[in-house]
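Only one structure is covered here, and it is reproduced in the block below.
All of the numbers you see were taken from the coordinates with simple rules; none came from a lab. Here the structure is a predicted model, which means the values were calculated and not measured. In this analysis, Cβ positions are derived from the backbone assuming ideal geometry, glycine residues included, and neighbour counts consider all displayed protein chains.
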Amino acid sequence: MTAAAQSVSIQFEGGVFRVNGWRPPAAAPAAGWSSVFAVFAGPGDVPSLLGSYSIDQNALVFRPKFPIEPGVRYRAVFRAPGAAPIERIFNGPAKDTKPAAYVVQIYPSGDVLQSNQLRLYIYFSGPMSRGVVSPR
């Protein structure tokens, strides 16, 4: 790696990926900015993220089209012409670890229910909504 390539860095902040320390050309490459800088979500051979590129304060900036997801690992690869590729791994935001609602009480309570019992009342520790099921 050349000394110029060592000064190039990739940062991720506020949902935006930036390549600093590289002087971008005045016009986009013929194959587009994605040929120089691409971001991938998850492991393996996956397509790059969709998004928009811009030049901001002499830095190449990539703004993903969709929000960065919790718990996903992102791989940013910068390929400057005539230099070795630079790769950085970033983790998405931490997953929300808020506990799920749980059953507090069931009525009628007892060891045996009547065979023609038509109503059951289930009380939860938090609000519930229709159509939402825990992924567990």
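Between S52 and S129, what is the FRET efficiency for a Förster distance of 35 Å, r being their Cβ-Cβ separation, to the nearest 0.05? Let's see the in-between values first.
Numbers: r = 35 Å, r/R0 = 0.99.
Plugging the Cβ-Cβ distance into 1/(1 + (r/R0)^6) gives 0.50.
Grab the Cα-Cα distance for R73 and I89, subtract it from 0.36 nm times how many residues apart they are, and report the gain in nm with one decimal.
Working it through step by step, the gained length comes to 5.1 nm.
Mind listing the long-range amide H neighbours of L60? Cut-off is under 5 Å, sequence gap 5 or more, other chains count too, H placed in the peptide plane at 1.01 Å from N.
Hits under the 5 Å cutoff: V19.
Sort 107-113, 53-59 by the packing proxy (mean of other Cβ within 10 Å over each peptide's residues), most packed first.
53-59, 107-113
In nm, give the distance between the simple-model label positions of R23 and L118, each being 7 Å from the Cα along the Cα-to-Cβ direction.
8.4 nm
Rounded if a/c is under 1.5, else prolate if a/b is larger than b/c, else oblate: which is the chain, with a ≥ b ≥ c the root eigenvalues of its Cα gyration tensor?
Cα axes put the chain in the prolate bin.
Below 8 Å, C-alpha to C-alpha, sequence gap of six or more: please give me the relative contact order for the chain in percent. Please report the intermediate quantities before stating the final value.
On the way: 190 pairs, mean separation 25.3, N = 136.
RCO, the chain: 19 percent.
What is the magnitude of the charge dipole of the chain about its Cα centre, with +1 placed on the Cβ of each Lys and Arg, -1 on the Cβ of each Asp and Glu, and no other charges, expressed in debye to the nearest 20?
Here the size comes out at about 100 debye.
Can you tell me the relative contact order of region 63-136? Whole percent, Cα pairs under 8 Å, sequence separation 6 or more.
In percent, rounded to a whole number, it is 24.
Quick one: Cα centre-to-centre distance for region 84-116 and region 15-66, in angstrom?
Here the answer is 36 Å between Cα centres.
What order, most packed first, do the peptides 64-70, 42-48, 17-23 have when packing is the mean number of other Cβ atoms within 10 Å of each residue?
Details: 64-70: 12.6, 42-48: 8.9, 17-23: 17.9.
Ranked from most to least packed, the peptides come out as 17-23, 64-70, 42-48.
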